[in-house]
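The values are calculated or read from the model by the stated rules, or taken from the named source; none is laboratory data. Just so it is clear, the structure is predicted and the values come from calculations on it, not from any experiment. Don't worry about glycine lacking a Cβ; one is built from the backbone with ideal geometry, like all the others, and counts go over all protein chains shown. We work out accessible area using only protein heavy atoms, side chains counted, and drop any ligands, DNA or RNA first. Shrake-Rupley method; radii C 1.70, N 1.55, O 1.52, S 1.80 Å.
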Amino acid sequence: LAGLIQATDGFFYSTTDGPPGTVFRVDAVGNYSLINRFDGADGYGLNQPLLQASDGFFYGTAPEGGLLDFQAGDLFRLDSTGNLSVLHSFTQTDATGGIVPLSRLVQGADGALYGTTAVSGVGGHGTIFRVDLTIPAPIKSLTISPNTILPGGKTTGTVTLSAPAPAGGTVVALAATSFSV
């Protein structure tokens, strides 16, 4: 659905729509490798091509899923070995920020990534967004164990920030959805 891109390493990369979706790599003779299988919290329904930005990382959007709002989508960064970071989770509670990113990302002359959302924003018709790659995402990583929770079960997690919290601390909001693959 998303089409292929040829990366600087010579391989072709693309996404599958899911559920919830994957990123894969294939070489010129058809050898296939799974790079990342999404779990819904990091995105769902990938349907746009990846972008390999000038920093060498792959960037993409998921119109659904996400860390903060399962119906709003997210923007992610991925390396060629499958290490994934969610850079931004769209949320319906931010009416001006837009939700459901449905566009191919582009890298502008300023080095930032640009894309569009399909819904919300002023007037409800979507937004154009910009992500400055020189500003680190507030959350560097999130680990949860166990990552499968049965009804009534518990889990614990560790949130690692990209930089020290400001004086007075910081709040990291986490949400869960009932989702299974």
- Scanning for something at pLDDT 75 or above and open to solvent by less than 80 Å² (accessible area, probe 1.4 Å), does the range 149-156 turn up at least one residue? yes
- Residues of the range 27-58 that turn out to be open to solvent by 60 Å² or more (accessible area, probe 1.4 Å) and assigned to a loop (DSSP other than H, G, I, E, B), as a count: 7
- Message: For a quick check of your reading of the model, give me the residue pairs whose first member lies in the range 80-92 and is in contact (Cβ under 8 Å) with a residue 12 or more places away in the chain and closer than 15 Å to LYS140 by Cα, whose second is outside any loop (DSSP other than H, G, I, E, B) and of a type in the set (A, V, I, L, M), with beta-carbon atoms closer than 6 Å and at least 6 apart or on different chains.
- Response: LEU84/LEU78; LEU87/LEU75; HIS88/LEU75
- So is PHE24 under 18 Å from ASP132 (Cβ atoms), among the hydrophobic types (A, V, I, L, M, F, W, C), in contact with a strand residue (DSSP E or B) (Cβ under 9 Å, 6 or more places away or on another chain) and not in a loop (DSSP other than H, G, I, E, B) or not? no
- Note on the structure: Restricted to the range 1-21 and to residues being part of a loop (DSSP other than H, G, I, E, B) and open to solvent by less than 60 Å² (accessible area, probe 1.4 Å), the residue nearest to LEU51 (Cα to Cα) is ALA7
